[in-house]
Amino acid sequence: MLLEVQDISMVFGGLAALREVSFSLAEGEILGLIGPNGAGKTTLFNVITAFLTPTQGEVRLAGKPLTGLRTSRITERGICRTFQNIRLFDQMTVEENVMVGRHCRSRAGVWPSVLRTGAQQKEEGAIREKTRELLSLVGLTGHDRELAANLPYGLQRRLEIARALAGEPRLILLDEPVAGMNDQETAEIAALIKKILGFGITILLIEHDMSMVMKVCDRLVVLNFGEKIAEGTPQEIQSDPLVIEAYLGREEGE
Amino acid sequence: MINPYYLQIASFILINIILGLSIYITLSTGQLSLGNAGFMSIGAYTSALLTVKVGLPMVAGILAGSLLAFLIGILIGIPTLRLQGVYLAIATLGFGEVVRVLFINWESLTSGAVGIAGIPHLGRTMLAGLQERGFSSEQWGLKNNEFISLTIFIILLAITVLLLAFFSRLFASRVGRAFRAIRLDEKAAEAMGIHTTYYKILTFSMGALLAGFAGALFAHVTGYISPADFTYHRAVEILVFAVFGGSEVLWGPVFGALFLTVMPEMLRGMSEYRYFIYGTILVVMMVFRPQGVLDQPLLDRLRGRRGGGGDDAA
């Protein structure tokens, strides 16, 4: 198993945002994390990437516990993410955003940077090359010099994915990558997600767009009020009475 | 042509540019420090005491002063890193005041409020050294005081140019991108694999080092220091160099230090109102141009008018 989430609980004050949630992801798999608003999906992302320290439980990557590591170390281990409310470096150019994403896969410190050593120059060239590749992958070629803040919304979402990919993740966490997009844009992102899977990158996806989730995901985990209420293939989930109840509510008179 | 008065102003401009850079470095990861006058005084006092009381050579004193400021910068940086924005500003302001009061009250060492006089003078020491080797200012057609002022100016100019080259390269690199990413969104930067704590301590202590270095130079250029040189006003002045000139581009603090050092000299009668003017500038800038006079779009436009040019500056 590439990622194992085991008995994760996250309590804020008296409120349990997550209650003993467990699931795992195999290498190369795409797992959808769904559930109504406030179910704890983003909280779980924040726990996996150490933005939050869980009250209880453990997250393991390729068998190694991530407990106690800071976010940047977890990124180095191979988990990169995007954000539900886009968090680009908006006063940096498109190109620079992706170059920052490359930080954990490059080394040059203060002195090599100032002295412009051969190794530093070579590394900087490699960073630019990789950046060009990724921008073309997500369809942002030609926008390199624009400020991230000036990009239209849909392209900002793509840029976030390119920036996350620049860290060469083994696992990428996508938090609502098609929120607010039209059908055509959604289809394009779905195609991009397939391409990312094609590189052998494992994906954990939070998404509300059910038709897309059903199409791209191998398996789904459903959260409701911080608890895992179901897990299975998209077909199984669609017919699960607990899931239907969570989304639609219970019928009167039962 | 060589007027010691103008050269002295030019030398103060250069020292102020170094001070402006010191705050610019700290600001580059989004940390607002008001402690740089404190670090400046640590550099100045260390170098002054080591040269006057211990008799160390000036270069050793300057290096020791800068290094001590750097180490104290790390010590102060680690606990205060948990603080952000105005809380960090207040904590560093408190630090600066503690240092100043320490220098006032530690009379046996620092002569208290009287200050330290007779600090070896950068220009005079250079001249004396050269004279031993049979040089005299007349060989260059200069009077001694002209030679002294000119020497100081040239040394400071060389140092400033080197520092600007250092930082323009640093900011155009992976490290510089990490600094900017942290300033724009610290959490997102951490998620990109940037060890934000390391880079924040790095910039904070580099700012301290630079302020200490500028302080040590200041001591050996004026030959006299007292706690009154390193008050709260100085901390604000240093901050205003960057805030007025531009805190997002390397040329910002350079322009800020240049303009704000020359302006009081041009308006001699106004110099009493210097802090009044600084205060007004801060308010007006925050409202109308929070990024300072110079920013990247303006620099690009200035470059474009000159017909292209380097893309080196950060």
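The values are calculated or read from the model by the stated rules, or taken from the named source; none is laboratory data. Here the structure is a predicted model, which is why all the values come from computation and not from measurement. Because the Cβ atoms are built from the backbone with ideal geometry, glycine has one as well, and the counts that use them run over all protein chains shown.
Summary table
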quantity: Subset of the range A:187-217 [touching a Ser or Thr at 6+ places or on another chain (Cβ under 9 Å) and at pLDDT below 95]; calculated: A:Asp209, A:Ser211, A:Met212
quantity: Residue in the range A:221-241 that is buried (at least 21 other Cβ atoms within 10 Å of the Cβ), within 30 Å of A:Arg163 (Cα to Cα) and of a type in the set (S, T, N, Q) present; calculated: no
quantity: Selection status of A:Thr117, surrounded by 19 or more Cβ atoms within 10 Å (Cβ to Cβ), without any contact (Cβ under 8 Å) to a residue 40 or more places away in the chain and more than 8 Å from every other protein chain (Cβ to nearest Cβ); calculated: no
quantity: Residue within the range A:96-105 that is in the same structural domain as A:Leu155 (by TED's automatic domain parsing) and assigned to a loop (DSSP other than H, G, I, E, B) present; calculated: yes
quantity: Qualifying residue in the range B:209-218 (condition: assigned to a helix (DSSP H, G or I), more than 9 Å from every other protein chain (Cβ to nearest Cβ), under 30 Å from A:Glu123 (Cα atoms) and touching a Phe, Trp or Tyr at 6+ places or on another chain (Cβ under 6 Å)); calculated: yes
quantity: Some residue of the range A:127-142 being at the interface with chain B (Cβ under 8 Å from one of its Cβ atoms), under 19 Å from B:Tyr199 (Cα atoms), touching a residue at least 12 places away in the same chain (Cβ under 8 Å) and out of contact with any strand residue (DSSP E or B) (no Cβ under 7 Å at 6 or more places or on another chain); calculated: no
quantity: Criterion: assigned to a helix (DSSP H, G or I), exposed (fewer than 15 other Cβ atoms within 10 Å of the Cβ) and at pLDDT below 80 - qualifying residue of B:Gly307, B:Gly269; calculated: B:Gly269
quantity: Hits in the range A:2-28 - residues which are at positive phi and in a loop (DSSP other than H, G, I, E, B); calculated: A:Gly13, A:Gly28
quantity: The listed residue being within 19 Å of the chain's Cα centre (by Cα), within 30 Å of A:Gly63 (Cβ to Cβ) and within 11 Å of chain B (Cβ to nearest Cβ), out of A:Ala162, A:Ala166; calculated: A:Ala166
quantity: Candidates A:Leu15, A:Leu2, filtered to the one that is over 13 Å from the mean Cα position of the chain (by Cα) and farther than 25 Å from A:Leu242 by Cβ; calculated: A:Leu2
quantity: Filtered residue count, the range A:50-94, keeping only those that are among the β-branched types (Val, Ile, Thr), facing chain B (nearest Cβ under 10 Å) and surrounded by 22 or more Cβ atoms within 10 Å (Cβ to Cβ); calculated: 5
quantity: Residue list for the range A:207-226, filter: under 22 Å from A:Leu2 (Cα atoms) and in contact with a Gly (Cβ under 8 Å, 6 or more places away or on another chain); calculated: A:Glu207, A:Val213, A:Val216, A:Cys217, A:Arg219, A:Leu220, A:Val221, A:Val222, A:Leu223
quantity: Any hit, the range B:90-102, residues being under 21 Å from the mean Cα position of the chain (by Cα), among the charged types (D, E, K, R) and over 27 Å from B:Lys187 (Cβ atoms); calculated: yes
quantity: Matching residues in the range A:153-168 - criterion: being in contact (Cβ under 8 Å) with a residue 24 or more places away in the chain and assigned to a helix (DSSP H, G or I); calculated: A:Tyr153, A:Gly154, A:Gln156, A:Arg157, A:Arg158, A:Leu159, A:Glu160, A:Ile161, A:Ala162, A:Arg163, A:Ala164, A:Leu165
quantity: Unmet criterion (only one of (1) outside any loop (DSSP other than H, G, I, E, B); (2) more than 14 Å from chain A (Cβ to nearest Cβ); (3) out of contact with any helix residue (DSSP H, G or I) (no Cβ under 7 Å at 6 or more places or on another chain); (4) free of Cβ contacts under 8 Å to residues at least 40 places away in the same chain) for B:Ile159; calculated: (4)
quantity: Scan of the range A:35-60 for residues that are aliphatic (A, V, I, L, M) and at pLDDT 95 or above, ordered by number; calculated: A:Leu44, A:Val47, A:Ile48, A:Ala50, A:Leu52, A:Val59
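Every residue, every condition in (1) touching an Asp or Glu at 6+ places or on another chain (Cβ under 9 Å); (2) of a type outside the set (Val, Ile, Thr), yes or no:
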position	(1), (2)
B:Gly246	yes, yes
B:Phe255	no, yes
B:Met263	no, yes
B:Ile277	no, no
B:Val287	no, no
B:Leu299	no, yes
